[in-house]
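I have placed the structure first, in the form of structure tokens, so that the comments after it can refer back to it.
Throughout, read-outs are computed from the coordinates displayed, never taken from laboratory work. Here the structure is a predicted model, which means the values were calculated and not measured. Quick reminder, even Gly has a Cβ in these numbers, built from the backbone with ideal geometry, and neighbours come from all protein chains shown.
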Amino acid sequence: MILMKVSHFINTIIEEDIESGKHKRAITRFPPEPNGLLHLGHARAIITNYTMAKNHGGYFNLRFDDTNPVKEDISFVEGIKEDIAWLGCEWENLFFASDYFNEMYQRALLLIKRGKAFVDDLSAEDIKKYRGNLTTPGKESPYKNRSIEENLQLFIDMKNGVYLDGSKVLRAKIDMTSPNMNMRDPIIYRIQRAHHYNTGDEWCIYPMYDYAHPIEDAIEGITHSLCSLEFEDHRPLYDWVVKYCEMEKIPRQIEFGRLIMANKVTGKRNLKQLVENNVVMGWDDPRLITLSGQRRRGVPPEAIVDFINALGLPKTQGPTEIDMLDQFVRDHLKTSAPRTNAVLDPLKLIVDNYPEDKVEYLEVENNRENEALGTRKIPFSKYVYIEREDFIEVKPNKKWKRLALGIEVRLMHAYFVKANSIVKNEQGVITEVHCTYDEATKSGSGFNERKPNGNIHFVDATHNQKAEIRLFEDLILDFKDKDIPFIEKINPDSLIIKHGFIEEGMKVKKGDRFQFTRNGYYSVDKDTTKDNIVFNRIVSLRSSFKKKAV
RNA sequence: UGGGCCAUGGCCAAGUGGUUAAGGCACCGGACUUUGACUCCGGGAUCGAUAGUUCGACUCUAUCUGGCCCAGCCA
């Protein structure tokens, strides 16, 4: 990844820490829980952590925060690694929180010995009651004053499987009256007999996030632990753990605002619901803003990086419109993607005065703005397909820059054609448009005696390839109405499948990206087979053409 | 309601006492054009509110209003 200069409050903090000599370099980490795949929101955390480390002489770790075996799965570990690598954020080390379970256990023992933790026999229900609420202080557990020796033995027995799941927990002794709920003697270990993908059945007690995370950071020598705003309230606890567990290295947690995309489903639980109910094709459905979905759709990773960097790192958390990302996608594809003609909704155009069996091959540049992409030959004959929306019987106004009866347009790269008549079927649908061409107007001939009424593209009707083209619309309708669960407002037409034609000579490979002239950017989907080429619309071209409300 | 955080044009976002208040997206004009694309030109905010401090405030203080987060043996 090309490093970008960034300027925001976290960058400033890191620079000050380096100037003051507190740290020589920045070491950061991205700590996903492997309970689902990542989305655009995570890209901010990944890119920020990565960029801050790289810009300050340090490195970036990928650490799976796998302290809750009942929710986690190895399959997500692989998927997440793939997503991060795709973004170009190389990690220095790949770690698992579960690799530190023994050290965490030892530190817990230390906490008990220092009189800073105790084993609580209260039920989950009672713990909740004792905790109080936002306005009422909590009450201390009746078990808080056990002796150090008793706590030690109890905790060791917890670890050794003497007690049932849920029957006991280890809690930090902090302050039941704290206005910060996180400080009301937080639970730091629970008993949970579950198979862990990494540690198997070795443990029946698992550390809680608030206890595990600071230890993980300290073990790895993380200097700046960057996370999102909702953890601000956890920071005092984070610091408490680092202090009383007597960690040698002191990491500092700093929070930034989450990235929220307008009208998009985020949250692993919600995404999982869409996937499991088969509302979408999978975690990598192009309508999702999962990184895998964006990858499958054809979004270049560089566009995501640029988008994230352009957003900065604010503490505000307003919804960002997807249009902004779209523009970065276009910027990246503008000169890099070859341009080609495709007709999604074909209408046959017959050139009456063109010889019946003649086929000529016209030389066409692959990208006017990037000559390095070379040229290709496209066939042209008496029969071609044009986009149905490029023809109208009667030119409605001077703004109409396409074909109409009596009107002449340029078939891009070929000739000017003038529409003369149409054929309709019984339903009144136009099935053919008949036109005549003017040989003198051939592209490249320098003809300039008159101007056409516009330029439209075509695909030859006798020499072409068929293609399935997938267009994507909003997955959720009326997203803002929070009273209705999103699962009940799925857009039935969020996936539109077109069966159209692409150029005869087009060679496609899964993942390739193209611009379909006058239409948009498309990529070759993984569903493509020998007999069925499938394209995904990545993003449409911008258009100032407004269809008159009919 | 106790605590924490946030508040700049339709959206995102620079700005940390003195600027005509950057920029991007979107939108609206116009030029150019073998993509109604691209490119180029032009268009709009007094900074949540109020009261202070100050020669001077988007930037400092107070109060208010609005939004987000916290009462999992999730992360």
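Before rounding to the nearest 500, sum -39500 (n - 2.57) across all DSSP H runs of length at least 4 in chain A and divide by the residue total; then give [θ] at 222 nm in deg cm²/dmol.
Numbers: 12 runs with 138 residues, N = 550.
-7500 deg cm²/dmol, from helical runs alone.
Going from the alpha-carbon gyration tensor of the range A:73-222, what semi-axes, largest first and in whole Å, does one get by taking the root of 5 times each eigenvalue?
Values: eigenvalues 187, 70, 45 Å².
Computed over the range A:73-222, the values are 31, 19, 15 Å.
Can you give the Rg and Dmax of the range A:1-118 based on its C-alpha atoms, in angstrom?
So, for the range A:1-118, Rg and Dmax equal 16.8, 50 Å respectively.
If you average 1/r over every pair of different alpha-carbon atoms in the range A:339-462 and take one over that average, what Kirkwood value in Å do you get? Can you show the working numbers first?
Values: mean 1/r = 0.0667 Å⁻¹.
So the Kirkwood estimate lands at 15.0 Å.
Can you list residues whose amide H is under 5 Å from A:R63's amide H, if they're 5+ apart or on another chain and H is modeled 1.01 Å from N?
A:F30, A:F95
Full extension from A:D165 to A:N420: what is 0.36 nm times the residue separation minus their Cα-Cα distance, to one decimal in nm? Provide the component values of the computation, followed by the final result.
Numbers: separation 255, 0.36 × 255 = 91.80 nm, distance 8.20 nm.
In short, 83.6 nm is gained.
For all pairs of alpha-carbon atoms in the range A:393-453, what percent lies in each bin of width 10 Å, listed from the first bin to the last filled one?
Once binned at 10 Å, the Cα pair distances of the range A:393-453 give 22, 46, 26, 6, 1.
Once you have the Kirkwood Rh of the range A:199-252 from its Cα pairs, apply Stokes-Einstein at 20 °C and 1.002 mPa s and quote D in µm²/s.
Details: Rh = 11.9 Å.
Taking Rh from Cα pairs, D becomes 180 µm²/s.
According to a simple spin-label model (label point 7 Å from Cα along Cα-to-Cβ), what is the distance in nm between A:N491 and A:E356?
About 4.8 nm, to one decimal.
For the range A:54-126, how big is Rg over Rh, using alpha carbon atoms and the Kirkwood form of Rh?
Numbers: Rg = 17.6 Å, Rh = 15.5 Å.
For the range A:54-126, the value is 1.13.
Report the per residue volume, in Å³, of the convex hull enclosing the C-alpha atoms of chain A.
Enclosed volume per residue, from the Cα hull, is 192 Å³.
In a solvent-free Debye calculation with one equal scatterer on each Cα, what is log10 I(q)/I(0) for the range A:159-222 at q = 0.12, 0.16, 0.21, 0.29 Å⁻¹, listed in the order of the q values?
-0.39, -0.65, -0.95, -1.16
Over all directions, the average projected area of the alpha-carbon convex hull for the range A:463-550 comes to how many nm²?
8.3 nm²
Take the alpha carbon atoms of the range A:369-526, find their radius of gyration, then divide it by 2.2 N^0.38 Å using N residues; give the quotient.
On the way: Rg = 19.5 Å, N = 158, 2.2 N^0.38 = 15.1 Å.
Output field value: 1.30.
Cα-Cα over 18 Å: which of A:K418/A:K546; A:K71/A:K272; A:K24/A:K315; A:K395/A:K498; A:K113/A:K159?
On the way: A:K418/A:K546 24 Å; A:K71/A:K272 12 Å; A:K24/A:K315 27 Å; A:K395/A:K498 26 Å; A:K113/A:K159 16 Å.
Flagged as over cut-off: A:K418/A:K546; A:K24/A:K315; A:K395/A:K498.
Which of A:K382, A:K358 comes first, and how do the rest follow, when ranked by fewest Cβ neighbours within 10 Å?
On the way: A:K382 19, A:K358 9.
Fewest to most other Cβ atoms nearby, the residues stand as A:K358, A:K382.
What whole number of Å gives the distance from the Cα centroid of the range A:391-443 to the Cα centroid of the range A:121-156?
Value for the Cα centre distance between the two parts: 81 Å.
To the nearest whole percent, what portion of all C-alpha pairs in the range A:262-336 is separated by more than 16 angstrom? Don't skip to the end; give the middle numbers.
Values: 1531 of 2775 pairs.
Cα-Cα pairs in the range A:262-336 separated by more than 16 Å: 55 percent.
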